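**Student:** Okay, handing you the structure first.
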Amino acid sequence: MKRIAIIGGGIAGLSAAFEFERLRQGGSSIEYVLYESSSRLGGVLRTDYIDGCVVEAGPDSFVSEKPWAADLARDLGLGDQLIGSNDADRKTYILTRGRLVEMPDGLMFMVPTKILPTGLSPLFSWKTKMRMAQELFHPPRAVDHDESVAQFVERHYGAEMVDRLADPLLSGVYGGEAANLSVRAVLPRFADMERKHGSLGRAMLEARKKMRSNSGKPAPPLFTSLKNGMQHLAESVRARLTPSWLRTNAPVEAIQPDSNGWSISTGIHSDHFDGVIVALPARAAANVLRMASSELSAELAGIDYSSSITVCLGYGRDVRETLPPGFGFLVPRSEGRRLLAATFVHNKFPHRAPDDRALLRCFFSGANAEDAWSLSEKQIIGIVRNELQQIVGLRAEPLFARVYQWKSAMAQYGVGHLERLERIERLRQNLPGLALAGNGYRGIGVPDCVRTGREGAKTLANA
Ligand SMILES: Cc1cc2nc3c(=O)[nH]c(=O)nc-3n(C[C@H](O)[C@H](O)[C@H](O)COP(=O)(O)OP(=O)(O)OC[C@H]3O[C@@H](n4cnc5c(N)ncnc54)[C@H](O)[C@@H]3O)c2cc1C
């Protein structure tokens, strides 16, 4: 019988446990024990049900392009629970000099693929529009070193594009700043396009042409989620696992290789296993692995994390009727606000709010979240309401308001991240029976966390 420990009960650790359970039910001789420091499983996947609304405290959906989270849902029999974002209403605004300006049609991340809407958009100055035209002649460039997303975007489209689009779009995903994030780790597709084609605009136009001629099928929705919220995914995994092997309120203090496997210590207790999956944020992984390898621990500790706060507000029909259509808005840092983004959930996922409710999900992260960290919930709600009043003229008293604070939960893939991952992989290979999973490595989103958990489980089961 092979015994494996899983450290961390977020979606990465749960996905690993699900994979072991499948192998076990298929006849493999495997036992797993999952250690979770808090009293609940799911990590940042948390959903509350308030006043008929599905309120997401952490992630609200995942990109449909990455299949692993939807595959897990289907493997759990939740295929009929998967919902797509309401892309017919997909409009996103950028706060520009205090006014909401719609993102022009045809922008693929920050790359314009339709001349007219971008050319007429008040989002960009004439100088940036000229840069967009010149960008089509950008020569291929074999860069042998990593650089920040801000440097990369600025080389192609200028500083205004970093401020108005690249930075706000990335802060919604990583909670970080374009000036600190690695282009190779965060936008590998764009780095690749530059190497092969030079111009991102030309590369994107060619890719679109190919997509159109290859498929007559309608495009899938941009985002996928679950009808009853993201926590449903975590709960459905938990329901499939062997209850006596799930240890909540069990923070792991240290893991160390011993004579023929691994010793896992929770302080008073320790237990022996043949292998271990560390499915923790990289910083927490660094702590538990300190005694196993100080070098590995130092590399893991070098992966930065940022904190974030989500504030969900529910309103009545009158507010719903006055808010702009579309998915919501992003706020460039240069606008000097605390808020970085707000989603109009009732438009993006209409099933999540009754017809007579408006549901807003507001987000701040990084320095903006740190500044607000020690404030009371009432004060945080006050800041959000004040900014919503200034941005969309929303004065009404919310029917409900919830604040969720996530300390150091979003990984920041800094410049040189991929090189660090290579060093981590070399050090890990010196520790047989150890796998790493979670959001610190090759993808921060839910699909990549699911993938790393399941892949780690398969690797250890076959070792
Ligand atoms: C506010 C927010 C919004 C997001 N929005 C999206 C989104 O819309 N779409 C998307 O795809 N992704 C989103 N993400 C990212 C994504 O949700 C996370 O990266 C992913 O869920 C992380 O899963 P995980 O299992 O790796 O880590 P976590 O969920 O952080 O789980 C780690 C678990 O380990 C436990 N733990 C910590 N230390 C120990 C220890 N010593 N011993 C035992 N257990 C320990 C923790 O309690 C926790 O339960 C968002 C993240 C946040 C914070």
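Nothing in this text is a laboratory measurement; each read-out follows from the coordinates by a stated rule. All values reported here derive from a predicted model rather than from experimental measurement. Cβ placement follows ideal geometry from the backbone for every residue including glycine, while neighbour counts extend to all protein chains displayed.
**Student:** What tally of residues in the range 191-207 results from selecting those that are of a type in the set (Ser, Thr, Tyr) and either in a helix (DSSP H, G or I) or within 24 Å of the chain's Cα centre (by Cα) (or both)?
**Tutor:** Looking only at that region, the number is 0.
**Student:** Quick one: which residue in Ala254, Ala250, Ala239 is over 22 Å from Gly443 (Cβ atoms), more than 27 Å from the chain's Cα centre (by Cα) and among the hydrophobic types (A, V, I, L, M, F, W, C)?
**Tutor:** The conditions single out Ala254.
**Student:** Could you say which residue among Asp87, Asp80 is on the phi < 0 side of the Ramachandran plot and free of Cβ contacts under 8 Å to residues at least 12 places away in the same chain? Let's see the steps before the verdict.
**Tutor:** Details: Asp87 fails: free of Cβ contacts under 8 Å to residues at least 12 places away in the same chain.
Every option except Asp80 fails the conditions.
**Student:** Here is a further query. Do any residues in the range 315-336 that are among the aliphatic types (A, V, I, L, M) have Cβ atoms under 6 Å from those of residues that are part of a loop (DSSP other than H, G, I, E, B), where the two are at least six apart or on different chains, and which pairs are they?
**Tutor:** Val319/Ala396; Val331/Arg337; Val331/Leu339; Val331/Leu340
**Student:** Does the range 296-307 include one or more residues that are away from the ligand (no atom under 14 Å from the Cβ) and in contact with a Ser or Thr (Cβ under 7 Å, 6 or more places away or on another chain)?
**Tutor:** There is no residue in the range 296-307 that is away from the ligand (no atom under 14 Å from the Cβ) and in contact with a Ser or Thr (Cβ under 7 Å, 6 or more places away or on another chain).
**Student:** Filter the range 22-44 down to residues that are within 16 Å of the ligand (Cβ to nearest atom) and not in a loop (DSSP other than H, G, I, E, B) and give me whichever is nearest to Met410 (Cα to Cα).
**Tutor:** Of the range 22-44, the ones within 16 Å of the ligand (Cβ to nearest atom) are 32-44.
So of that shortlist, the ones also not in a loop (DSSP other than H, G, I, E, B) come out as 32-35, 42.
Details: Tyr32: 27, Val33: 26, Leu34: 22, Tyr35: 21, Gly42: 15 Å.
That would be Gly42.
**Student:** If I ask for residues that are within 16 Å of the ligand (Cβ to nearest atom) and within 17 Å of Glu295 (Cβ to Cβ), which ones from the range 390-440 would you list?
**Tutor:** Leu421, Ile424, Leu434, Leu436, Gly440
Condition check ((1) touching a residue at least 12 places away in the same chain (Cβ under 8 Å); (2) within 30 Å of Ser182 (Cβ to Cβ); (3) crowded, with 18+ Cβ neighbours inside 10 Å) across all residues:
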| position | (1), (2), (3) |
| --- | --- |
| Leu375 | no, no, no |
| Ile391 | yes, no, yes |
| Pro398 | yes, no, yes |
| Ala409 | yes, yes, yes |
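**Student:** If you go through the range 200-223 one residue at a time, do you hit one that is out of contact with any Cys (no Cβ under 6 Å at 6 or more places or on another chain), hydroxyl-bearing (Ser, Thr, Tyr) and in contact (Cβ under 8 Å) with a residue 60 or more places away in the chain?
**Tutor:** No, every residue in the range 200-223 fails to be out of contact with any Cys (no Cβ under 6 Å at 6 or more places or on another chain), hydroxyl-bearing (Ser, Thr, Tyr) and in contact (Cβ under 8 Å) with a residue 60 or more places away in the chain.
**Student:** Shifting gears a bit: I need the helices (runs of 4 or more DSSP H) fully contained in the range 62-152, keeping only those with at least 1 residues that are touching a Leu at 6+ places or on another chain (Cβ under 9 Å), buried (at least 16 other Cβ atoms within 10 Å of the Cβ) and of a type in the set (Ser, Thr, Tyr). First the steps, then the outcome.
**Tutor:** On the way: elements: 68-75, 115-120, 126-135.
Result: 115-120.
**Student:** I would also like to ask the following. Can you give me the number of residues within the range 279-291 that are more than 9 Å from the ligand (Cβ to nearest atom), in contact (Cβ under 8 Å) with a residue 24 or more places away in the chain and buried (at least 21 other Cβ atoms within 10 Å of the Cβ)?
**Tutor:** Count: 2.
**Student:** Which one of Gly440, Gly414 is surrounded by fewer than 20 Cβ atoms within 10 Å (Cβ to Cβ) and under 30 Å from Ala286 (Cα atoms)?
**Tutor:** Matching residue, one of Gly440, Gly414: Gly414.
**Student:** Looking only at the range 65-97, filter to residues that are among the basic types (Lys, Arg) and within 16 Å of the ligand (Cβ to nearest atom); which one of those is farthest from Glu335 (Cα to Cα)?
**Tutor:** It comes out as Lys66.
**Student:** Still on this structure: Out of the residues in the range 219-254 that are β-branched (Val, Ile, Thr) and within 14 Å of the ligand (Cβ to nearest atom), state the one that is farthest from Gly13 (Cα to Cα).
**Tutor:** Initially, the range 219-254 is screened for residues β-branched (Val, Ile, Thr), giving 224, 237, 242, 248, 252.
Narrowing the set further to residues that are within 14 Å of the ligand (Cβ to nearest atom) leaves 224, 237, 248, 252.
Working: Thr224: 21, Val237: 10, Thr248: 13, Val252: 14 Å.
For the range 219-254, the residue satisfying everything is Thr224.
**Student:** Cβ-Cβ below 9 Å, separation at least six or inter-chain, first residue in the range 265-276 and more than 18 Å from Gly8 (Cβ to Cβ), second of a type in the set (Asp, Glu) and surrounded by fewer than 18 Cβ atoms within 10 Å (Cβ to Cβ): which pairs?
**Tutor:** Hits for this filter: His272/Asp258.
**Student:** Okay, moving on. Scan the range 230-264 residue by residue and report those that are touching a His at 6+ places or on another chain (Cβ under 9 Å) and of a type in the set (Phe, Trp, Tyr).
**Tutor:** Trp262
**Student:** Here are Arg428, Arg385: which of them is surrounded by 14 or more Cβ atoms within 10 Å (Cβ to Cβ), more than 30 Å from Leu339 (Cα to Cα) and touching a residue at least 24 places away in the same chain (Cβ under 8 Å)?
**Tutor:** On the way: Arg385 fails: more than 30 Å from Leu339 (Cα to Cα).
That would be Arg428, the only listed residue that is surrounded by 14 or more Cβ atoms within 10 Å (Cβ to Cβ), more than 30 Å from Leu339 (Cα to Cα) and touching a residue at least 24 places away in the same chain (Cβ under 8 Å).
**Student:** For the range 379-407, give me each residue that is within 29 Å of Val446 (Cα to Cα) and touching a helix residue (DSSP H, G or I) at 6+ places or on another chain (Cβ under 6 Å).
**Tutor:** Answer for the range 379-407, where residues must be within 29 Å of Val446 (Cα to Cα) and touching a helix residue (DSSP H, G or I) at 6+ places or on another chain (Cβ under 6 Å): Ile380, Ala401, Val403.
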